[in-house]
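Take a look at the structure set out below.
The values are calculated or read from the model by the stated rules, or taken from the named source; none is laboratory data. Note that the structure is predicted; figures quoted are calculated from it, not measured. When we count neighbours, we look across all protein chains shown, and the Cβ atoms used for this are built from the backbone with ideal geometry, even at glycine.
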Amino acid sequence: MENAEQECKARLNRRDIVGWMKTIAGFANADGGNMFIGVEDKANKLIGFDRIEADAERNYLNNQINEHIYPSPDVTIRFLPYSIHGSQRYVLELTVPSSGIKPVIFKINGVPAIYMRRNGFTNAAAYEEIRRISLESTHLQYDMLASKSVYRPEEFRELEIFCQEHNGKPLTEKCDQLPVYPEAPDDVYGSYESYRREIREEMADWIEVHGRDEFRTLAGQAVSGVPDPEK
């Protein structure tokens, strides 16, 4: 049965990968989940694969994840064997953990998008969700948070003296070593804002080559909810 952390697919649709690839990205941006391939999603009927088919499906799945999802989630794929009419069949269980680095981007035809898994459905992430999951990233350090406050060295003299006296070495001005993103909101760290800027620039380059009408068509059909690169 499908729910917030489980999805079933009879087969991976090679002509339209968006439907199932966005689910993988959505799992990684949310609490993780499992996808069972070889199981009809409505009837929960086992379709399965023979061993050669299962190997091919696993390889194809790995290749698509590595090509279209960044950062690539640390997925595992298991073969679940069962027997029917004396033949050995396999269902693929894809386990997607919640990513330690968020947001996870799904990119196809040069167009990036961010998806979230909610209540058994996968949809484009709202801006507030993107900000929240960015801050919840387990690789985010408190001193990587951006601030609109201006750094004034003279305000830290007392702390520098205390550090020198007690540690025997000067306080490192780490903030001077970090890039500055003045447009970043108070609660969004700079590296994420840089990530967003890079995505917008890539989208703008793609539109310059292919045209805005083509972009709107792709966005409407495949990755609704992508940010406007001109905003």
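Quick one: which residue in Lys107, Lys22 is within 23 Å of Glu202 (Cβ to Cβ) and without any contact (Cβ under 8 Å) to a residue 40 or more places away in the chain?
Working: Lys22 fails: without any contact (Cβ under 8 Å) to a residue 40 or more places away in the chain.
The match here is Lys107.
Checking the condition at pLDDT 95 or above and farther than 30 Å from Leu135 by Cβ, which residue from Ile37, Ile84, Ile47 passes? Steps first, answer last, please.
On the way: Ile84 fails: at pLDDT 95 or above; Ile47 fails: at pLDDT 95 or above.
So the residue among Ile37, Ile84, Ile47 that is at pLDDT 95 or above and farther than 30 Å from Leu135 by Cβ is Ile37.
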Inset, instruction - Within region 10-34, track down each residue that is in contact with a Phe, Trp or Tyr (Cβ under 9 Å, 6 or more places away or on another chain), surrounded by fewer than 24 Cβ atoms within 10 Å (Cβ to Cβ) and in a helix (DSSP H, G or I). - result: Val18, Thr23
Legend entry - The lone exception for Asn66 - which of (1) closer than 30 Å to Glu136 by Cα; (2) in contact (Cβ under 8 Å) with a residue 24 or more places away in the chain; (3) surrounded by fewer than 13 Cβ atoms within 10 Å (Cβ to Cβ) it fails: (2)
Inset, instruction - Within region 98-117, work out how many residues are over 22 Å from Glu5 (Cα atoms) and small (Gly, Ala, Ser). - result: 1
Inset, instruction - Go through region 35-55 and give me each residue that's surrounded by fewer than 13 Cβ atoms within 10 Å (Cβ to Cβ), over 11 Å from Glu7 (Cα atoms) and in contact with a strand residue (DSSP E or B) (Cβ under 8 Å, 6 or more places away or on another chain). - result: Lys45, Asp50, Arg51
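Under the condition of being aliphatic (A, V, I, L, M) and outside any loop (DSSP other than H, G, I, E, B), which residue from region 35-59 is nearest to Thr122 (Cα to Cα)? Explain how you work it out, then say what you get.
First, the residues of region 35-59 that are aliphatic (A, V, I, L, M): 35, 37, 39, 43, 46-47, 52, 54, 56.
Within this subset, residues satisfying the condition of being outside any loop (DSSP other than H, G, I, E, B) are 35, 37, 39, 46, 52, 54, 56.
On the way: Met35: 13, Ile37: 17, Val39: 19, Leu46: 23, Ile52: 30, Ala54: 25, Ala56: 26 Å.
It comes out as Met35.
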